[in-house]
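The values are calculated or read from the model by the stated rules, or taken from the named source; none is laboratory data. Since the structure is predicted, the reported quantities are computational estimates derived from the model, not experimental observations. Note: ideal-geometry Cβ built from the backbone for every residue, glycine included; neighbour counts use all protein chains shown.
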């Protein structure tokens, strides 16, 4: 009996240590985050919970609009600056620890007989002054033809980019791009420092979802960026002249600057089926919860609350 109790204790400790828990307190390092108290930032983001939002998705693909849903999970974590992974033990990490905002952004939709499942993760330091660019992004896409994976790692003044695909023409790729804005990090910047979003004519790497669906190479593009206010909302737009593409994001004007909706317009499809279509995402429901502990059958009602069942 005693041995069983010891074994059970070890198992519990293992899952407590390696579980998908976030919201580590911003301690260690230089600790100079002057805006933790501003707009109740610490009270909202460092209470042991993530913010989960579900969206109604209308996704352009193959020259048509397909219904689906999207989910954005925002959570704060401690990140390893050197290894660029979530720290297992942040208390012993010292100066290697970087508090970040992590976004896990998923899209699920069905095209004809087969489904698409796409996900991107973006790791953006909370201290935007010390770390003006995200340290890492990843994106994966799965559908019945196969799956792909992309990863950006910030190293010095470059992003090291790796891409893996089941298509022969894309295959396994590796290249370096000069550090610049990432469209994928805009979502985190809105949640952290919306007043510091880049404006005017900027160099930017288009979003990984878009590059995947259009089978585009990883490269830097030119875009025109604008930030406007409309009542209780703010509107951030990126217009890519060379791609004839526009991304518009609406979010709350006041803290916590929640993402309310987005529209993405470009020519979709190939040949005679190609046409200009607009993908949209509209907020349905938001929960604040420690979702990494909600993994039992009894917790499935939370998916119903989010409108995912």
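Can you say whether residue 110 is in contact with a strand residue (DSSP E or B) (Cβ under 7 Å, 6 or more places away or on another chain), under 27 Å from residue 257 (Cβ atoms) and either touching a residue at least 60 places away in the same chain (Cβ under 8 Å) or surrounded by fewer than 21 Cβ atoms within 10 Å (Cβ to Cβ) (or both), as far as the supplied structure shows?
Taking the combined requirement at face value, the residue does not satisfy it.
Can you tell me which residue in segment 47-83 is modelled with the highest pLDDT, limited to those that are outside any strand (DSSP E or B) and closer than 26 Å to residue 131 by Cα?
Only one residue tops the list, namely 49.
Within segment 227-238, can one find any residue that is at pLDDT below 95 and buried (at least 16 other Cβ atoms within 10 Å of the Cβ)?
Checking segment 227-238: not a single residue is at pLDDT below 95 and buried (at least 16 other Cβ atoms within 10 Å of the Cβ).
So which of 283, 306, 302 is free of Cβ contacts under 8 Å to residues at least 40 places away in the same chain, within 28 Å of residue 143 (Cα to Cα) and in contact with a strand residue (DSSP E or B) (Cβ under 8 Å, 6 or more places away or on another chain)?
Criteria check complete, one pass: 302.
Can you tell me how many residues in segment 96-126 are closer than 23 Å to residue 188 by Cα and not in a strand (DSSP E or B)?
Adding up the residues that qualify gives 2.
Anything in segment 113-137 that is without any contact (Cβ under 8 Å) to a residue 40 or more places away in the chain and within 9 Å of the chain's Cα centre (by Cα)? List them, or say none.
119, 121, listed by residue number.
Any residue at all in segment 212-219 that is part of a strand (DSSP E or B) and modelled with pLDDT of 95 or more?
no
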